[in-house]
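Comments concern the structure below.
Coordinate-derived values only; no laboratory data. Because the structure is predicted, anything quoted here is derived from the model rather than measured. So basically every Cβ, Gly included, is an ideal-geometry build from the backbone, and we count neighbours across all protein chains shown.
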Amino acid sequence: MKLDGESLNIDNVWQIAYGEEKVEISEGTRAKMTKSRAFIEEFLKTGETVYGVNTGFGALSSVHINPDQIIELQRNLIRSHSVGVGEIFTVPETRAILLLRANALARGHSGVRVAVVEKILEFLNKNVSPVVPGQGSVGASGDLAPLAHVALALMGEGEVIYKNQRMKTSEALELARISPLVLQAKEGLSLINGCQVMTAVGLLNSFEARRLNWLTDLAGSMSLEALKGARTAFDPLIAATRAHPGEAKTARNLLKIMGPKSEISESHAGCGRVQDAYSLRCMPQVHGAAKDTLRHVITILETEANSSTDNPLVFAAEKKVLSCGNFHGEPVAFALDFLGIATSAVASISECRIEKLINPAMSNLPAFLTEKGGLNSGMMIVQVAAASLVSENKILSHPASVDSIPTSNDKEDHVSMGTIAARKLGSIVQNSENVLAMELLCAAQALDFLKPLRSASGVASAYDFIRQKVSYAKEDRAFYQDIDLLKQMIRSGDLLKSVTNVSGELEW
């Protein structure tokens, strides 16, 4: 893959984070960076004061630094800012962070040497991943603390994950035959100014959320079939009267999966039921709103991934070095909070359908989907667990971006908390994945009680695929194992593929 500072998207970020593809700098990018660096070096010769080049940082920006102390200044900056705590980011998350940091610097507005980006890519290509604690960023002036841990590793200090082992960076660099980076003027600051941590983690979580969006349509289709719901609410005439794209896309997805009818739907034609519960009838509106939110958020994140977020920014052609606030994470923070809310809502409507499936008053199915209720509890606590996760999501969905607290002697007096938004989005996505796995478990169990009637082709394909590994529960067992198997099917993409092979590609 050629890095040019302009072309990253959610799919290639995921591919690099989880794959082995090598990344290199494009020739055009190399030329832009060389011009930008030459301009910074000319500035140094003039002795003119430039923030971050020959001054202190933050509230210490008025302190001038002598030329012979500039390398020490950059080194001290990285060491002092490496104060992250808590659970470390995963290797894929860290790889995405490295990729985005390299891409931002490659745009040529940071004034760093080409060697800096080449060193980041050397770490990436040789699978050396800095140990980056997840907590410590307020999301303005950049993701300072976590990015400092990345820069610390580039300097040969701190810790990394190499060949699945956590070790001192110096040991790993010797094994991988990588020489440490010696930071020059402005380079330490450029490595930590920016929103690459929140954006990288946000993109990976958005990728997972997109997959869950498709699976939500599938799980809802299976539940509707099992609950003998109507397809009339998905007629394209309805979506045409309310022009939100996600509504029409979801309705089309549902009809692709369920078709116009099935043996099950035909069995209850003329039953007299006028309308289904909202969790069935309003799937286009709720799932669709989540799709619209997701597309908006991905646009924001991809824009950020291909932006210059340093301070100051270097404009070599215009002969300007301009102090600015492009490091502020508010655009990303707002977007990630919004996606957290939308994903939480999708899990909530999924739990509503689980409750309908286990409640005989709503389904005409056996209570808790078990043959011998009393002796067996069936899916009783599956729904309880889902309710717990949905409730936890409600707490996690409180926006991080509504908070701010002054830092750096009140110089940095408004911050975004975007990295907190990114991390809690990850928890919301994981919780929602579990809820969807629980709905799939219950829907498949419910469909067994409708045999010998056959469901629609897409639903039947998903049911058959699930039953290859998760059998009908004639009696109680440890259902967490079934949930784990279903999550594996979700993450691998195989369950979705089993449906799209029959129904065609789904929209988002």
- In degrees from 0 to 90, rounded to the nearest 10, what is the angle of the helix 144-154 Cα long axis to the longest principal axis of the chain? 70
- Task: Would you mind putting 308-314, 447-453 in packing order, based on average other-beta-carbon counts within 10 Å, highest first?
- Result: 308-314, 447-453
- Message: Only four residue types carry charge here, +1 at the Cβ of Lys and Arg and -1 at the Cβ of Asp and Glu. Report the dipole size of the chain about the Cα centre in Debye, rounded to the nearest 20.
- Response: 760
- Would you please give the FRET efficiency between residue 492 and residue 427, computed as 1/(1 + (r/R0)^6) with r the Cβ-Cβ distance and R0 = 22 Å, to the nearest 0.05? 0.55
- Could I have the simple spin-label model distance between residue 277 and residue 118, label points 7 Å from Cα toward Cβ, reported in nm to one decimal? 6.3
- Item | residue 165 versus residue 31: modelled label distance in nm, points set 7 Å from Cα along the beta carbon direction | 4.5
- Compute the length gained on full extension between residue 471 and residue 20: take 0.36 nm times their separation in residues and subtract their Cα-Cα distance, giving the result in nm to one decimal. 158.8 nm
- Note on the structure: For the pair residue 238 and residue 38, the simple spin-label estimate (label points 7 Å beyond Cα toward Cβ) gives in nm 6.4
- Cβ-derived FRET efficiency at R0 25 Å, residue 296 paired with residue 414, nearest 0.05: 0.60
- Estimated 222 nm signal from helices in the chain, with DSSP H stretches of n ≥ 4 weighted -39500 (n - 2.57), rounded to 500: -18500 deg cm²/dmol
- Task: Measure nothing fancy, just the Cα-based angle from helix 70-81's long axis to the longest principal axis of the chain, in degrees from 0 to 90, nearest 10.
- Result: 30
- Task: Provide the gained length on full extension for the span residue 478 to residue 55, in nm with one decimal, where the gain is 0.36 nm per separating residue minus the Cα-Cα distance.
- Result: 146.1 nm
- Note on the structure: Place a point 7 Å from the Cα of residue 263 in the direction of its beta carbon; the residues of region 463-491 whose amide N falls under 19 Å from it are 463-468, 472
- Task: Please turn the phi angles of region 187-197 into ³J(HN,Hα) values with the Karplus equation 6.51 cos²θ - 1.76 cosθ + 1.60 (θ = phi - 60°), one per residue in order, whole Hz, x for glycine and proline.
- Result: 6, x, 4, 5, 6, 10, 8, x, 10, 5, 5
